[in-house]
Amino acid sequence: KEYFEVGCAPGNIMIFFNKVYGYQVSGCDFINCKLIEKNIRKAGVEQVKLYEEDFKKMDLDKKYNIVASYGFVEHFQNYSDILRKHKKLVAEDGYIIIELPNIRKFNYILYKVFAPDILKIHNLKIMDINVLRREIEDNEFEIIYNNYYLSNIFMANSDNELINKKKVIKHIFLIIRKLFELLHCANIPNKYFSPYIICIAKRKKGRE
């Protein structure tokens, strides 16, 4: 089975799919593919195919069992075209995985106050599970999972580069995350606080 990741830096998810599920892994990114390959091979993955190209301009004559991207689609105004290009690479009975940040509702206020520059490079229109469903679900693809993920607010990942640059903000959000966990409400998907959106869809048989 083959896995292809769009915007694959730093390569950790490709390592996961290879090590845990045995997939042959490939990916594209427009910079630093040598560093990505170094990271992947250091983890013991012997075979990896990387394309240092602009995904919008790529013309791959190949199909994959899983095509995925994480925090990629929302950087484009023409997200419909980008998603169609993802779907085109999926083999019959294969899957597409799309993960997006959720920078709307309460999260938008936090970004507006603490990280306004990030808002400028994200398209908030696609950060809605109903919009994402309409873009992916059609006569070829059926939705397997489409929902907000977790409920630890903005910047749930304590390794986030931006949050680590601002120590006070980091401690504030780590305290908030801990509070959510203590109250047993750290995994209640919702459009107001969830930091991520995830959609998984399957290409129907005979629809390649």
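Ligands, DNA and RNA left out, the accessible area of the stretch 1-134 computed with a 1.4 Å probe is 51% carbon and sulfur.
Looking at the stretch 1-137, the accessible area is 54 square angstrom per residue; that uses a 1.4 Å probe and ignores ligands, DNA and RNA.
Sparsely packed loop sites in the stretch 19-73 (the trypsin sites (Lys or Arg not before Pro) outside DSSP H, G, I, E and B with at most 11 other Cβ atoms within 10 Å) comprise Lys62. Each residue was assigned an accessible area with a 1.4 Å probe, and for Leu119 the value is about 20 Å².
A DSSP coil position with no more than 16 other Cβ atoms inside 10 Å describes the following chymotrypsin sites (Phe, Trp or Tyr not before Pro) in the stretch 1-83: Phe30, Phe76.
Counting charges near Val67 (Lys, Arg +1; Asp, Glu -1) among other residues having Cβ under 11 Å from its Cβ returns a value of +4. Given a cut-off of under 8 Å on Cα pairs at least six residues apart, what relative contact order in percent is computed for the chain? Averaging sequence separation for qualifying contacts and normalising by length gives 21 percent for the chain.
Residue-wise HN-Hα couplings along the stretch 35-47, as the Karplus relation 6.51 cos²θ - 1.76 cosθ + 1.60 with θ = phi - 60° gives them from phi, are 5, 4, 4, 4, 4, 5, 5, 4, 7, x, 8, 7, 10 Hz; Gly and Pro carry x.
Shape verdict for the stretch 2-67, please, from the Cα gyration tensor: rounded (a/c under 1.5), prolate (a/b greater than b/c) or oblate.
Oblate.
Exceedance of the 23 Å cut-off in Cα-Cα distance is limited, within the set Lys62/Lys87; Lys120/Lys191; Lys87/Lys204; Lys49/Lys165; Lys57/Lys87; Lys56/Lys205, to Lys49/Lys165; Lys56/Lys205.
Pop the C-beta distance of Phe106 and Asp81 into the FRET formula with R0 = 41 Å and round what comes out to the nearest 0.05. Result of the calculation: an efficiency of 0.85. A cut-off under 14 angstrom between Cβ atoms defines the neighbours of Arg41, and their net charge, with Lys, Arg +1 and Asp, Glu -1, is +3. When the helices of the chain are scored as -39500 (n - 2.57) per DSSP H run of n ≥ 4 and the total is divided over every residue, the value at 222 nm lands at -10000 deg cm²/dmol.
Each Cα pair of the chain feeds into the Kirkwood radius, which the Stokes-Einstein equation turns, at 4 °C and 1.567 mPa s, into a diffusion coefficient of 71 µm²/s.
The values are calculated or read from the model by the stated rules, or taken from the named source; none is laboratory data. Predicted model only: the values in this text are computed from it and were never measured. When we count neighbours, we look across all protein chains shown, and the Cβ atoms used for this are built from the backbone with ideal geometry, even at glycine. Accessible surface areas use protein heavy atoms only, side chains included; no ligands, DNA or RNA. Shrake-Rupley method; radii C 1.70, N 1.55, O 1.52, S 1.80 Å.
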